[in-house]
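See structure below.
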Amino acid sequence: MSSNRPFIYDEQGRVLILHGTNTGDAKWTEDGMPGKTGADDYIDRHIKNYGMNVVRLLAFWARIEPQKGVYDKTYLARLEKTVKRYTDRGMYVLIDFHQDLYGPGLDVPPDPNGNNGAPLWACYTDGLEPQTHPLTKFDWSMQHLDPAMMAAFKNFFNYEKYPELQDCLIGAQTEVARRFKDNPRVIGYDLFNEPFSGDLNTTLSGSFQAQQLSDFYQRAIDRIRTVESNKYIFVEPQAVGPNQGLPGALRPLKDPRSGEARLVYAPHIYTLGAPTGKAYTLVDALEIAAWAKNRAEEMEALNMPMAVGEIGAPETSTVAKYFDAAINKFDELNSGFMVWIDGQNTWSIEDKDGQPYSKVDSTVRTYPQAISGKPIKFSFDRHSGKFELAFKQDKGVTAPTEIFVPESQYPNGWNLDIKGQTLRNCRWSFDGATQILSVYMDYSESEKVICIVKK
């Protein structure tokens, strides 16, 4: 990775590494807000016990603009209240403009009260009625092959013929951005969850990502920047292929804000094995390796930092190995991640009674939440308990480097070793309530290394 690569920064100039979950249960609630994932005790537990510092909060175009050109003020007020609940506790919020199967107008039958995706008026299906695709008996995502579904996606991304579709979604996104521009803990906006072209030829060739999808992203970035310039804007490649490790094909995007661009690459990862409930195998490992190689190349080409928007799998006897392998690669790429899903069945990190599933052994790990300089590398081995962070300090940053050190990984305690700094130029403190280690260092140009090991 280039030493001059960009990162995500906090208000104090520190590099942020984001670990969190998705509020997936919001897809099914009556008001479109998180269910138990938005409860105060749930949030507090995720911060303290699991070291989560971000939530990917699902928001829905169908709820924001149920009638063309008319924003639902009640929904937006609920969204503001929900965001405040997280940010008041110190969490960052990434607002994800979510869809999975375009919108509730493509449900079978269409659901006029649904949340997930585009409003009914924005479902242009060329007169086709949605039908359940027979391949959905193998996987829900095969519903993308329903002709009505494909028409809806294809028409949305046909800006020349139907510009009002993208213009309205971008207008809704801009309205949300306007409302949160003064909340520093709203880290940014994920513009489109798991894009799909509606055309298998452009999906397989990559031309959809390089042309229609990149064009949409650029329009949205330009419009959002008319109301605010400080939030990060997260963009995803298409889901088909890149999710499983194949190359993405977005073209470089421009951020019109003054100063360094604030654009983030936010791919997902779902291999073909463990996320389907199968045992983790060598095939998963090979997919993860290919995924990491391709994402690293794309980060360089796009000149963006990365934060993985979704990684998930149901509870199995080998799921912790899957998460280990993937998250170790995220660490190599200096990337954060957000677990899909929370608040629903065994895809969550804990059960309905708040007891952790085995994937917590891998997702709850020692990691740097905020770094007072640019990381060179960081890593954690949950079996040995060894954590190591190497970085170069930023002379203008006086806030400490903060590292989450979970007790669950160190039942007998831990030892700290700091290299590249004498003790008289370094001090540290540990807050047992938050499990945060704060390391203060006088500035010097030498590489710093913070190492934590089990006692």
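Derivation of every value follows stated rules applied to the coordinates shown; laboratory data play no part. Note that the coordinates shown come from a computational prediction; the quantities given were computed from them, not determined experimentally. In this analysis, Cβ positions are derived from the backbone assuming ideal geometry, glycine residues included, and neighbour counts consider all displayed protein chains.
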Scan the chain and note any complete DSSP helix (H) whose C-alpha atoms cover at least 27 Å along its axis and whose Kyte-Doolittle average is -0.5 or more.
-> 282-302
Could you work out the local net charge near ASP88, counting Lys and Arg as +1, Asp and Glu as -1, over the other residues with Cβ closer than 10 Å to its Cβ?
-> +3
Name the residues of region 30-58 whose amide N is less than 20 Å from a point 7 angstrom out from the Cα of LYS454 along the C-beta direction?
-> 50-51
Give me the aspartates and glutamates in straight-line cross-link reach of LYS137: C-alpha distance below 20 Å, same-chain residues under 8 apart excluded.
-> ASP100, ASP107, GLU129, ASP146
Extension gain (nm, one decimal) between VAL283 and LEU128, 0.36 nm per residue minus Cα-Cα = 51.9 nm
Per its Cα gyration tensor (rounded if a/c is under 1.5, else prolate when a/b beats b/c, else oblate), region 1-82 is best filed as oblate
At what distance in nm do the modelled label points of GLU447 and LEU204 sit from each other, each positioned 7 Å from its Cα along Cα→Cβ?
-> 4.6
Would you mind getting me the FRET efficiency between ILE376 and SER229? Use the beta-carbon distance for r and R0 = 25 Å, nearest 0.05.
-> 0.30
Classify region 23-147: rounded, prolate or oblate, from the alpha-carbon gyration tensor (a ≥ b ≥ c, eigenvalue square roots; a/c under 1.5 rounded; otherwise prolate if a/b is larger than b/c)?
-> oblate
Apply the Karplus parameterisation 6.51 cos²θ - 1.76 cosθ + 1.60, with θ equal to phi minus 60°, to every residue of region 272-280 and state each ³J(HN,Hα) to the nearest whole Hz, in sequence, with x for glycine and proline.
-> 8, x, 3, x, 8, x, 7, 5, 5
Between THR74 and ALA39, the two model label points (7 Å from Cα along the beta-carbon direction) sit apart by a distance in nm of 2.5
If each K or R counts +1 and each D or E counts -1, the residues other than ASP417 whose Cβ falls under 11 Å of its Cβ total +1
Those trypsin sites (Lys or Arg not before Pro) from region 324-387 that are DSSP loop and have at most 10 other Cβ neighbours within 10 Å turn out to be LYS352
What is the Cα radius of gyration of the chain over 2.2 N^0.38 Å, N being its residue count?
-> 0.96
How far apart, in nm, are two points set 7 Å out from the Cα along the Cα-to-Cβ line at ASP182 and at GLU11?
-> 1.3
Where both residues lie in the chain, what percent of DSSP beta bridges are antiparallel, nearest 5?
-> 55
Report the local net charge at SER362: Lys and Arg +1, Asp and Glu -1, summed over other residues whose C-beta lies under 14 Å from its C-beta.
-> -2
Of LYS321/LYS352; LYS68/LYS254; LYS321/LYS374; LYS81/LYS374; LYS81/LYS454, which pairs sit farther than 31 Å apart, going by alpha carbon to alpha carbon?
-> LYS81/LYS374; LYS81/LYS454
Add -39500 (n - 2.57) for each DSSP H run of 4 or more in the chain, then divide by its residues: what number comes out at 222 nm, to the nearest 500 deg cm²/dmol?
-> -7500 deg cm²/dmol
For region 24-116, run through the trypsin sites (Lys or Arg not before Pro) and keep only the ones in DSSP coil with at most 12 other Cβ atoms within 10 Å of their Cβ.
-> LYS68
Per DSSP, loop chymotrypsin sites (Phe, Trp or Tyr not before Pro) in region 124-211 with at most 14 further Cβ within 10 Å = PHE138
Aspartates and glutamates with Cα under 18 Å of LYS293, excluding same-chain neighbours fewer than 8 positions away | GLU236, ASP284, GLU310, ASP324, ASP331, GLU332
Where GluC sites (Glu not before Pro) in DSSP loops with at most 12 other Cβ within 10 Å are excluded, longest remaining stretch of the chain = 261-444
